[in-house]
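See below for the structure under consideration.
FYI, it's all coordinate maths here, none of it is from the lab. What you see is a predicted model; the values in this text were computed from it and never measured. Because the Cβ atoms are built from the backbone with ideal geometry, glycine has one as well, and the counts that use them run over all protein chains shown.
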Amino acid sequence: MVAPESQRSAASHSITLRGSFDAWRVDFPVEGVHAFASDGTPADCVRIGVLNIVPGKPDHVFSGINHGYNLASDIQYSATAGAAFEAAFQKIHAIAFSEDANEIHEVTDRYLRELIGELIEKPLDLWEIWNVNFPSCRLSECGGILRDRLVSTDDFYCDHYNETKVSGDRTTYTVEGVRCWEAEAGTDLRAVLDGFVSVGKARNIR
């Protein structure tokens, strides 16, 4: 396992080209797992894992489980998806997993192993990844799994920037957004809004 040492939300598919980054061994509470932390981006973690750390390259890459959805238009900013896309660019089968940014994990706990078993050998085209999002609800409220979900073209967040004047020619901008609750049928966003696990493919172009 190679993972960032701290939060890297919205790092997208960025990698370190100027300067350098470090990676170091860390203790991990699962026997047999060799774990490394890094101060690079999530895509950096995949690159050094594939190119340097894992002998002979890994068979699969799992990215996540992210604390926050990665779907609809927000997938372009997602470092979770970005890391999975880097694996796909290295011609490695990749799955990105995400759930809502809360402490309700019942649906994830119920379906995670099942979906890994289903998707781990399921073929992907060049530069494609599997993108899985678990809904923010109790297991009793979950409708199950919806497969073949399209990436929604709807905005997941309706956001803007708050301005704070610092000096005569300098302004500070802070993003603020609210979730949009509308999405077309058949999409990843519609699935999680309706309380379903969303499973679909996402593709990036190198």
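So here's what we get for this one:
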quantity	calculated
Rounded if a/c under 1.5, otherwise prolate or oblate - region 114-206, Cα gyration tensor axes	prolate
Taking 170, 179 and counting other C-beta atoms within 10 Å, the order from fewest to most	170, 179
Pairs of Lys in the chain closer than 18 Å at Cα, counting only those 8 or more apart or on different chains	4
Length-normalised contact order for region 2-203 - Cα pairs under 8 Å, 6+ apart - percent	19 percent
GNM top mover of 174, 187, 80 - the chain, alpha-carbon springs below 10 Å	174
Selection from 129, 171, 72 lying farthest towards where the dipole of region 2-203 points positive, charges on Cβ	129
